[in-house]
Every structure is written in C-alpha cells, then in structure tokens.
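Asker: Got a structure for you, written out below as structure tokens; questions coming shortly.
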Amino acid sequence: MNEQLSLIDPTIDTVFEHLVGHPERSRLLISLLTCILEPQSPIVAVAKLERVVEMNADCEESVGFWVLVTLQDRSETIVEMRAITTPCSFERLMYFWARAYTEQIHLDSLGFRLRPVSAVVVSSCATTETNVLHASYRAKDKETKTVCLEELDLHEVALPLIADPVALADENLMLQRWARFLGARSDVEREEVAKEDPTIAEALAALRELSENPVMREEAAQRVAAIKQFVEDWQKKYGKHNTGERQQGPISELTEVSAVWRVV
C-alpha cells in the first residue's frame, strides 16, 4: 500500500455506493441500516437491486441505489439509499421514497407485489428542520400518535452535526460511530473511530482499498468536479448561498427536483 495516498471521501455518492453497496461488503450495509432503521426483527440479508441516477432541473446527477432488505421474521422492505453533498430538502427526500415505492413493481426480480419502502439519505449538507443527527419521519395518526402507514419511512443522517453534543443525545452508539467515520474531516479522525469498533475498522479497510484503485480515485474526482460545478451554477442563477451549512427558508425551491430520472 502507498502510505502517501489519502483516503477518498466516502460521502461522495459513487464512493458511498461502492463502499456499502458492493455485494462483498454486505456486512457493512447491514450494520449501517440496522442502526438507522432499528428494525424490530434483525436484518439477515441485503441485496442490491438497482443503481438509480437522478437528474434535477439543473442537470446535477445524484447517484443512489435500491436495496432489498430481508429480516429474520421473513418480512422484506426496500431501501432507497444515497449520500448527498448538496442540499437535500424534506420534499426531495419524500420524492426519493415515492419513486422507489411506485417503481418497485417494474422490477422483474421482485414480482408484482408492493413492499414497504424506506428512504435513507446520508447528508453532508443537512437541510431538514430538526437539529438531531438522525431525523426520522413516519405517518402517524393525529390523535393516537400511532403509525398508520408502515410503508412510509424517511431518514436523514446529518453529518454536519457530529460535533454537536446536543444533536448526538440519545442516538445509538453505532450510528454515532458510522456518522463520525463518514463525516470525519481527516484520515486520522477516521482511524480513531475505526479503533472503537471492528465493523468500522472493516469499513476503513474497504475505503483504503477503494482509495488505492486509480479508476475509483478518478471517478471520485470527476464527481467532486461535477458537484462543484453544480454549486457554482446554482450561485450564479439564484445568488450566493453557503451550501455547506444548514439552509433556512423555502428549501423546496432550492432543489427544484424534477421527475426526469433514469435507472441504469
């Protein structure tokens, strides 16, 4: 291994997909999904279904993937999962869920049967209104507060809040470790988190392997350049915004998500 090679950023959408979405790294994906979804029955298997590439109104690509999750009680759910480094509004999160829920019937491998869907976004630019590391949204009855729509399940993990003790309060320890690993500002910080847990150490080893791959490094560099260009174009079109901080105001206008998308 070339010790001088720095680790590539695991929050770049394509890097995140290779890190936890590869079949040989299913243990990592099961660990991450377990601490986010907190299912009542343990996750026993995950299978990547599709890679989904989104185009918004400003032609920015966002890469995510759909996963079929099987629980020990034999129930199944589909997870639409992605890492995002540009602002993600609640409306955009809802859009990701709605697309996965409605389009699953077109996947031949699943058969004509609708399953519950969870949308999970790991965000480097948190934009939801809550100030917690993990924001979770479910449809509940107004009077009884009980969940009335099991199929609807939305999650945002806000990496900018990993240094905020208030935001981390009451969050499970494993999710904190994953967030600190993904959102670390240096290789040294990631190495420190890896010392705390063998699964995070496994994730670090996988990230090192990806970082040594010239093709992966070039792909990551191209994504960083594309995201940077998107931000610059956005600022020219709509004025200056600090896209690295939590946004305020009418966020739905900020993302301008269109229905133009493709599955590859």
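Computed from the coordinates by the stated procedures, all read-outs in this text should not be read as laboratory data. Because the structure is a prediction, the values reported are computed rather than measured.
Asker: Tell me, what is a quarter of the convex hull surface for the C-alpha atoms of the stretch 93-202, in nm² with one decimal?
Answerer: 9.4
Asker: Continuing with the same structure: Taking every Cα atom in the stretch 150-230, find the radius of gyration and the maximum pairwise distance Dmax, and write them in Å.
Answerer: Using the Cα atoms of the stretch 150-230, the pair Rg, Dmax is 15.2, 43 Å.
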